1. For segment 192-212, give me each residue that is in a loop (DSSP other than H, G, I, E, B), within 12 Å of the ligand (Cβ to nearest atom) and charged (D, E, K, R).
2. Looking only at segment 73-82, decide whether some residue is within 30 Å of Leu207 (Cβ to Cβ), open to solvent by 40 Å² or more (accessible area, probe 1.4 Å) and in contact (Cβ under 8 Å) with a residue 60 or more places away in the chain.
3. When Leu104 is evaluated against the numbered criteria (1) among the aliphatic types (A, V, I, L, M); (2) more than 30 Å from Gly3 (Cβ to Cβ); (3) within 12 Å of the ligand (Cβ to nearest atom), which criterion, by number, is the only one it fails?
4. Tell me, please, whether a residue that is near the ligand (Cβ under 8 Å from one of its atoms) and open to solvent by less than 40 Å² (accessible area, probe 1.4 Å) can be found in segment 29-41.
5. Among the residues of segment 269-308, count how many are more than 20 Å from Gly19 (Cβ to Cβ), over 22 Å from the mean Cα position of the chain (by Cα) and open to solvent by less than 40 Å² (accessible area, probe 1.4 Å).
6. Please verify whether Gln109 is within 21 Å of Arg183 (Cα to Cα), under 16 Å from the mean Cα position of the chain (by Cα) and buried (at least 21 other Cβ atoms within 10 Å of the Cβ), treating the condition exactly as stated.
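The values are calculated or read from the model by the stated rules, or taken from the named source; none is laboratory data. Source: prediction; values computed, not measured. When we count neighbours, we look across all protein chains shown, and the Cβ atoms used for this are built from the backbone with ideal geometry, even at glycine. Heavy atoms of the whole protein, side chains included, go into the accessibility calculation; ligands, DNA and RNA do not. Shrake-Rupley method; radii C 1.70, N 1.55, O 1.52, S 1.80 Å.
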Amino acid sequence: MSGKRVFSGMQPTGKAHLGNLIGAFNNWVSMQDSYETIYCVVDLHAMSTPFEKTDLSEGRLRLAKMIIAAGVDPKRSLLYYQSEVPQHAELYWILGTLTGVGQLQRMTQFKEKSDRAGQGFGILAYPVLQAADILIHKVHAVPVGDDQAQHLELTRDLATRFNSRFGEVFPVPERITPEIGARVMSLQDPDSKMSKSDPNARATLFLDDSDDEIRKKIRSAVTDTGTEVAYDWENKAGISNLLEIFAYFSGRSIDDLAAEYGTGGYGNFKSAVAESVASGVKPIREAYEGMSDAEVVEVMRASAATAREMADRTMDDVRAAVGLS
Ligand code: TYM
């Protein structure tokens, strides 16, 4: 162990998908070997866009289970619900006093979502709560997909701003992204990222999809009209996306796969990708289905108690630094 800490989180909205696995969970799991790892189901974040009560409570448990099924080991990592550690929200308020409204209004996610019906102030405040999630544990690294780059920049900014105004309290955390799959794209529109909320059911591969659903979705993935399997994001985004996914599940290099499948036709290539994904996702789905709710509830409760103690130690430093003690 390096003595360094890692934090990451995921929102319990919709179901976990291949982008979450390759862009985030894979690093969450591998970092358990060398870091003190802290992972969080960010249920307060899931309230920042309009939500239903039952979706929220069922979604939290489903996601906690899926994170464990994907390989996060609760004996080696802390895994808890954000709302059970109220220090996240306390630090969020203090960091909010250091954040410019203009800076928040310029965030991509705010621009995309703020004019939706029923949207409240949470969508503006969202990135400040994310910064608090990370800083409350004084972590050194944050494994996320590419889409979180802007939020991580704000976090680094706020840590630096806080430290220069009140004295060194927070390490400035690094963003960790995977070499391949930092941005897994939609199977139906390879110019947009794969997302939980895509209305097109074939665009997103969920981690609890059956083997048949996986085969169907990959076979119907949108590609260009050519025939050559080549890694070329500009002209062959659909094929390049599938090559990255294939490389992840097969453990082989993209060059090697492109050389083997280059001239064999898209049909043959897609079947091979589908079989590789189906056999890679199967153990996750089976672990998920085999897990009881009760054991996960207990894990989440115990971890939250530890996280509250850790977070309170940071808040002692923060309160002292800003003049609240
Ligand atoms: P969320 O819940 O949208 O996604 C969870 C993680 O999955 C990654 N991800 C992807 N990676 C590759 N390709 C994709 N298509 C793809 N879609 C999602 C995300 O980058 C993320 O790592 N704001 C965060 C949640 C959050 C958080 C935090 C993350 C709240 N507090 C503190 C890290 C640290 C979010 O909405 O992620």
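1. Applying the first criterion (in a loop (DSSP other than H, G, I, E, B)) to segment 192-212 yields 192, 194-205, 207-210.
Within this subset, residues satisfying the condition of being within 12 Å of the ligand (Cβ to nearest atom) are 192, 194-198, 203-205, 207.
Scanning segment 192-212 gives Lys196, Asp198.
2. Within segment 73-82, the subset within 30 Å of Leu207 (Cβ to Cβ) is 73-82.
Now restrict to residues that are open to solvent by 40 Å² or more (accessible area, probe 1.4 Å): 73-76.
Still in the list and also in contact (Cβ under 8 Å) with a residue 60 or more places away in the chain: 74.
Yes, segment 73-82 contains at least one residue that is within 30 Å of Leu207 (Cβ to Cβ), open to solvent by 40 Å² or more (accessible area, probe 1.4 Å) and in contact (Cβ under 8 Å) with a residue 60 or more places away in the chain.
3. Failing condition for Leu104: (3).
4. So the first thing to find is which residues in segment 29-41 are near the ligand (Cβ under 8 Å from one of its atoms), and the list is 40.
Filter once more, so that each one left must be open to solvent by less than 40 Å² (accessible area, probe 1.4 Å): 40.
Yes, some residue in segment 29-41 is near the ligand (Cβ under 8 Å from one of its atoms) and open to solvent by less than 40 Å² (accessible area, probe 1.4 Å).
5. 3
6. Working: within 21 Å of Arg183 (Cα to Cα): yes; under 16 Å from the mean Cα position of the chain (by Cα): yes; buried (at least 21 other Cβ atoms within 10 Å of the Cβ): no.
So Gln109 does not fit the description; no.
Condition check ((1) in a loop (DSSP other than H, G, I, E, B); (2) hydrophobic (A, V, I, L, M, F, W, C)) across all residues:
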| residue | (1), (2) |
| --- | --- |
| Gly118 | yes, no |
| Val142 | no, yes |
| Ala159 | no, yes |
| Phe170 | yes, yes |
| Ala182 | yes, yes |
| Gln188 | yes, no |
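The rows are residues; the columns are (1) among the acidic types (Asp, Glu); (2) farther than 28 Å from Arg301 by Cα; (3) within 12 Å of the ligand (Cβ to nearest atom).
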| residue | (1), (2), (3) |
| --- | --- |
| Leu61 | no, no, no |
| Asp133 | yes, no, yes |
| His137 | no, no, yes |
| Gln150 | no, yes, yes |
